Amino acid sequence: IEERRQLREKVRDMFSHAYDSYLNNAWGTDVLAPITCKGEDGWGGISLTLLDTLDTLAIMGNASEFERGVRYVVERVDFDKDETVSLFETNIRALGGLLAAHAFASDPSLGLLARPYPRGYRGPHGDGLLPLAVDLADRLMPALDTQSGIPYGSVNLRRGVAATESPVACTAAAGTLVMEFGALSRLTGNGSYEAAAKRAALAVWRRRSEIDLVGAHVHLKSGAWTQADAGIGRSIDSFYEYMLKGFMLLKDSDYLAVFHDSYHAALKHLKHGPWYLDVHLQTAQ
């Protein structure tokens, strides 16, 4: 028990060091550059690190910084920018961060906010964090508006998908939307977000091989695999993760069925002794 307590405090200290460095040197910017120790944008100019950190502040019990962050985001963050962003990163960090922070902020029993939420926190987009989440999701949705259902990897927050955008998508990006978009639909009553994210994930899964393996990259127009390597690492990893977590969060058995089949295929074809290898999705060689 004492060792676990020490490890907990070590994690807390590491987080505090990272957050305080961002607070003192990069507050309001996307990231803190580790070499120059200065704040930089480049991920949309949307205070990405702050959005991604709000829920951790709540988990750490730092109510004062959580409230400060919520107030800053509601009053200052604006997604109406002529910036092209990664669908994957913006979803898991910005949209996911907003929704998680909204869940913490809207629970008065946690005592994280000194003033009532959301009416105590009014910004140009409305009361609280949820209107910001809706605004961001609406700006990401054009990436999912494809004939196949497989989304583009990048989208401009103001202009939508560029005509020159690559038609090649990675499996992880297409499958790693269901929790955030699903949660947003459940919170707002607008089912279009959840439907689009589910369509994207299942569109990739329908292109699996006969042995239930998926590749790393797929052409969203032709449906052909442009990178036929199957594995559990980069470009695929969170597809598996989100199928299980999507079921746990949304209680949609379709996600559990996908996870069940893909998990057992991974054990059969990718696991060799203690290692998981990349193989061709058709031959497992």
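The values are calculated or read from the model by the stated rules, or taken from the named source; none is laboratory data. Note that this is a predicted model, so its numbers are computed, not measured. Quick reminder, even Gly has a Cβ in these numbers, built from the backbone with ideal geometry, and neighbours come from all protein chains shown. For the accessible areas, the whole protein counts, side chains as well, though only heavy atoms, and no ligand, DNA or RNA atoms are used. Shrake-Rupley method; radii C 1.70, N 1.55, O 1.52, S 1.80 Å.
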Given the conditions (1) out of contact with any strand residue (DSSP E or B) (no Cβ under 9 Å at 6 or more places or on another chain); (2) modelled with pLDDT under 95, and given that R234 satisfies all but one, which numbered condition is not satisfied? (1)
Under 6 Å between Cβ atoms, which residue pairs at least 6 apart in sequence (or on different chains) link something in region 220-236 that is in contact (Cβ under 8 Å) with a residue 60 or more places away in the chain with a partner that is of a type in the set (A, V, I, L, M, F, W, C)? L220/I150; L220/A169; S235/C170; S235/A172; S235/A216; I236/A172; I236/A216
What is the one condition in (1) crowded, with 19+ Cβ neighbours inside 10 Å; (2) assigned to a loop (DSSP other than H, G, I, E, B) that A143 does not satisfy? (2)
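Each row is one residue, and each column tells you yes or no for (1) open to solvent by 40 Å² or more (accessible area, probe 1.4 Å); (2) among the β-branched types (V, I, T); (3) over 20 Å from G215 (Cβ atoms).
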position	(1), (2), (3)
R159	yes, no, yes
S166	yes, no, no
C170	no, no, no
A173	no, no, no
L177	no, no, no
F181	no, no, yes
R186	yes, no, yes
N190	yes, no, yes
A195	yes, no, yes
Of (1) within 30 Å of G128 (Cβ to Cβ); (2) polar (S, T, N, Q); (3) in a helix (DSSP H, G or I), N190 fails just (3)
Has region 95-112 got any residue that is farther than 21 Å from G44 by Cα, aromatic (F, W, Y) and within 19 Å of the chain's Cα centre (by Cα)? yes
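Does L256 satisfy the criteria of being open to solvent by 60 Å² or more (accessible area, probe 1.4 Å) and free of Cβ contacts under 8 Å to residues at least 60 places away in the same chain?
Numbers: open to solvent by 60 Å² or more (accessible area, probe 1.4 Å): yes; free of Cβ contacts under 8 Å to residues at least 60 places away in the same chain: yes.
When the stated conditions are applied, L256 passes them.
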Considering residues of region 266-285 that are farther than 17 Å from G175 by Cα and assigned to a helix (DSSP H, G or I) only, the residue least open to solvent (accessible area, probe 1.4 Å): H269
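In region 197-210, how many residues are touching a residue at least 40 places away in the same chain (Cβ under 8 Å) and surrounded by fewer than 15 Cβ atoms within 10 Å (Cβ to Cβ)? If you could, list the steps in order and put the result at the bottom.
Going through region 197-210, the residues touching a residue at least 40 places away in the same chain (Cβ under 8 Å) turn out to be 197-205, 208-210.
Restricting the remaining residues to those that are surrounded by fewer than 15 Cβ atoms within 10 Å (Cβ to Cβ) gives 210.
Result for region 197-210: 1.
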Kindly indicate the residue of region 104-122 that is surrounded by 15 or more Cβ atoms within 10 Å (Cβ to Cβ) and of a type in the set (G, A, S) and also modelled with the lowest pLDDT among those meeting that condition. G120
